[in-house]
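The block underneath contains the structure these notes are about, expressed in C-alpha cells.
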Amino acid sequence: MSRIPATGPFALLAREGSRDVEILTGEVVDVERLIDIPLHDATGAPREVLALVPYRQVRERGYAAQDDGMPLRCLLVTARDRGPIADVLTELPVSPVQLANSGFDISDSAYAEIVREVIDEEISRGEGANFVIRRDYTADVEGDARTAALTWFRALLEHERGAYWTFAIVTEDIVVVGASPEVHVSARDGLVTMNPISGTMRHPDGLLSAHSLTEFLSSDKETEELFMVVDEELKMMSAVCADGGRISGPQLKVMSRLTHTEYVLRGTSRLDPREILRETMFAPTVTGSPMQNACAVIARREHTPRGYYAGVAALFTPRADGVHDLDAPILIRAAYLRDGQLRVPVGATLVRHSDPCGEVAETHAKAAGVLGAIGAIPRIGVTARADAPQFADDPAINALLSARNERLAPFWLLEQQPRPGRRARTSAIIVDAEDRFTTMLAHQLRFLGLDVQIVPWDAISDDDVTVPDILIAGPGPGDPREESTRMMRLREIINIRERSGMPLLAVCLSHQILAASRGIDLVPLDAPNQGAQQSVDLFGVTSRVGYYNSFTARVPAAVSRWGDLEVAADESGDVHAMRGPRIASVQGHLESILSRDGIAVLQMLVTHALESSES
C-alpha cells in the first residue's frame with residue numbers, strides 16, 4: 001500500500017542526517033501573522049504544524065516588502081508516517097514533466113547591470129554592506145501539479161546532496177519542491193541554532209579539486225561575504241538569546257554543483273518559537289545587511305514580489321511537555337508551481353568586491369540543482385556525485401578554514417564568562433538608527449555590567465535622551481550629510497545629550513554625525529569599508545576593528561586634537577575614534593565578529609566617557 005496520499009494536502013520531508021522520508025498529512029488554514037499559527041487545537045492540546053512563511057511577512061517587523069498577497073499557509077498535521085528513502089523512491093513517478101516557454105525573466109546582461117547599480121548606488125552610498133537581488137527562472141508546466149511535485153522530489157533525492165531539507169509541500173493551489181541547504185533557525189528544548197551559509201564556489205560538473213577549493217577558501221571576497229552574514233545573524237541571536245550566541249566553524253557545505261562555507265551559531269532562549277521566528281525574519285544570506293535597509297533596497301531593485309522565496313518552511317513539533325520545537329529551513333533552491341506557472345527564484349549576494357559576470361554565473365549555478373531536477377538542464381548523475389573527493393580530513397583545507405577564525409573576535413567564539421570588577425547598576429540607552437548591530441552591542445555592554453535598553457531613533461523623547469548614565473548613539477545606514485528625517489533626529493539626539501553634560505558614546509554613523517557637529521568634514525571613501533577589518537591606532541593602542549562604512553570624518557593630516565577632543569586619525573586624516581570630557585566615539589563596529597579587540601576597546605571608551613564625567 002502506498003504511503004503517499006492520493007488526495008488532499010501533504011508534505012514529504014527528507015531531513016539532513018535521516019535515511020527516511022517523513023510524510024505529513026492534514027488540513028490547510030491560512031493566517032495573518034506568525035503569532036496566529038495555531039499550535040494548539042480547540043481543546044488546547046498541542047499539535048504539529050508545518051507553515052509556509054512568505055517573504056512579505058517581514059512587514060511584521062515594520063520592514064518594506066512588495067505585497068503579492070501570498071498566504072501564510074499552515075498544514076495542520078493530523079497524521080504522519082515515515083519510510084526509508086529507498087522504499088519511497090519506488091512510489092514516485094519517473095516520467096519527465098513537460099516545460100514550455102522557459103528561461104530567466106531577467107537577462108544575464110540586465111542582471112549584470114543591476115549588480116553594477118547596487119554596488120555604485122547602494123553600497124558606495126552607505127546603504128548597506130551587502131544585498132541579495134534575485135531573478136526568476138520561469139516556465140509553463142503541462143500536466144498535473146501533484147505528479148510534477150512528486151517527480152521533482154524524486155529527482156532531488158537522487159541527484160542533489162548536502163541539503164538540510166529535501167521537500168515537497170503540496171496544497172490545493174500552491175506547490176513547493178526544493179532542496180534547501182540552510183536552516184534559518186531551529187529551537188529545540190531551549191537551544192536556538194542558526195546556520196549562516198555564504199561564499200559560493202561553482203563546480204558545474206559535480207566534481208571538486210583541491211586546487212579550486214584552495215583558491216575559493218583564499219578569496220577575500222568569499223571570506224568577507226561569510227563574515228558579514230555571520231555578523232547579521234548574530235544580531236538576531238542577540239535579540240532572542242540571553243547569552244547572545246556563540247559561533248563554531250567554519251566548515252564546508254558541499255552540494256552537487258556548488259560548495260559553500262558555513263558557521264553554526266548557538267544560544268539559549270525560552271521565547272515562544274513563533275516569536276523567535278518573527279525576530280529572525282529573514283536570513284541575511286537571502287536579503288542583505290543591515291536587514292531593515294536591505295529590505296528597502298530589495299523593494300526598490302526587484303521588479304516583482306518574492307512570493308515564498310527567502311521565507312521559511314517552519315515545522316513546529318510538540319514535545320512531551322507540550323512545548324514546541326522549531327525547525328525552519330530557508331525557502332531557497334526551490335521550485336514553486338501555481339496555476340500552471342513554474343518559478344525558480346535565485347539570488348546572488350552583492351558586496352563591494354562583486355564582479356557582475358561572476359554574480360550572473362552564481363545565479364545560474366544556484367538554480368542548476370533545481371533546474372536539473374525539473375529537466376530544464378542536464379542532470380549530474382549519482383555516480384559522478386559519489387566519486388567527488390571529500391576534503392573533511394584534508395589538513396591543508398582544514399588549515400585554511402581554521403585560519404579564518406584568527407581574524408575573529410574571541411568574544412563570540414568562546415564561552416562568555418562575566419569579567420571581574422564589572423560596573424554595577426550603570427544605566428544605558430542605545431539609540432537604534434536602523435542597524436541591529438545594537439543588539440550585539442547591548443549584549444556586550446550587559447557583559448560589562450551595564451543595564452541596557454534599546455530604543456529606536458524615532459521613539460526616544462528629548463527627555464529620555466538625558467535620563468541614562470550613558471547614552472550610546474548607534475550605527476545605521478546612509479549618508480550622514482543628508483537632511484533626511486532620520487539624520488536630522490540623530491543630530492538632535494546627540495546635541496541634546498551633549499548639552500546635558502551627561503556621558504555619550506557614538507558609534508559609526510553617530511560618530512560621523514558627532515564629528516560633523518564639531519566642524520569636522522565628512523567625505524565618502526574612495527572604496528567602501530563594508531565588512532573590512534583594519535588594524536588601527538586608538539589612542540596609543542593598536543587594535544583590530546571591523547568596519548562597515550562608506551563615509552568617514554576626516555581631519556588634516558597629523559591632527560591629533562580638535563577643540564576639546566582627542567582624535568585618533570590615520571595618515572590620511574580619517575578619524576577612527578574621538579574622546580573628550582564625557583564623550584567617546586568610534587568609527588568601527590566594536591561588537592562585530594571582525595573586531596578582534598572589540599570588547600577591550602568598548603570597555604576603554606565606556607570607562608572614559610563615564611569616568612571623565614565623574615572627575
Reach of LYS235 by Cα under 19 Å, taken over lysines that are not fewer than 8 positions away in the same chain: none
Label-to-label distance, nm, for residues given as ASP220 and ARG319 (7 Å Cα→Cβ offset): 4.6
In the range 1-85, which trypsin sites (Lys or Arg not before Pro) are in a loop and have at most 10 other Cβ atoms within 10 Å, using DSSP for the loop call? ARG19
Given Cα pairs under 8 Å that are at least 6 residues apart, what percent is the relative contact order of the range 1-68? 18
Expressed in nm to one decimal, what extension gain is obtained for the pair SER572 and ARG188 from 0.36 nm per residue of sequence separation less their Cα-Cα distance? 133.2 nm
Per-residue accessible area for VAL586 at 1.4 Å probe radius, Å² rounded to 10? 0
Estimated distance in nm for a label pair at GLN98 and ASP451, the labels positioned 7 Å out from Cα along Cα-to-Cβ: 7.3
Extension gain, THR466 back to ARG407 (0.36 nm per residue minus Cα-Cα distance, nm): 17.5 nm
How much accessible area does TRP152 have with a 1.4 Å probe, in Å² rounded to the nearest 10? 0
For the pair GLU492/ARG116, report the inter-label distance in nm, with labels modelled 7 Å from Cα in the Cβ direction. 4.2
Helix-only mean residue ellipticity at 222 nm for the chain, each DSSP H run of n ≥ 4 adding -39500 (n - 2.57), per residue, nearest 500: -8500 deg cm²/dmol
Within the range 563-615, what whole-number % of the accessible surface is contributed by carbon and sulfur, with the 1.4 Å probe and all protein chains included in the calculation? 43
So if we plug the beta-carbon distance of ARG125 and THR7 into 1/(1 + (r/R0)^6) with R0 = 45 Å, what FRET efficiency do we get, rounded to 0.05? 0.25
Counting only protein heavy atoms and using a 1.4 Å probe, what share of the accessible area of the range 173-331 belongs to carbon plus sulfur, as a whole percent? 50
Would you mind calculating the gained length between VAL31 and ASP526 on full extension (0.36 nm times residue separation, minus the Cα-Cα distance), in nm to one decimal? 173.4 nm
With the contact rule set at Cα under 8 Å and sequence spacing of 6 or more, what percent relative contact order holds for the chain? 15
Taking alpha-carbon centroids only, the range 154-196 lies from the range 298-367 a number of Å equal to 11
Please give the per residue accessible area of the chain, computed with a probe of 1.4 Å over protein heavy atoms only, in Å². 37
Averaged across orientations, what area in nm² does the convex hull of the alpha carbons in the chain project? 28.2
Under the definition of Cα pairs under 8 Å and six or more residues apart, what whole-number percent is the relative contact order of the range 1-132? 25
Are there any GluC sites (Glu not before Pro) in the range 472-564 that are in a DSSP loop and have at most 10 other Cβ atoms within 10 Å? List them by number. GLU483
So which lysines pass the test for LYS366, namely a Cα distance under 20 Å, with those fewer than 8 places away in the same chain ruled out? LYS221, LYS253
Hey, if you put +1 on the Cβ of every Lys and Arg and -1 on every Asp and Glu Cβ in the chain, which of THR439, SER354, VAL523 ends up farthest toward the positive end of that dipole? THR439
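The values are calculated or read from the model by the stated rules, or taken from the named source; none is laboratory data. The structure presented is a predicted model; accordingly, all values stated were derived computationally and were not measured. Because the Cβ atoms are built from the backbone with ideal geometry, glycine has one as well, and the counts that use them run over all protein chains shown. What goes into the accessible areas is simple: the full protein's heavy atoms, side chains included, and nothing from ligands, DNA or RNA. Shrake-Rupley method; radii C 1.70, N 1.55, O 1.52, S 1.80 Å.
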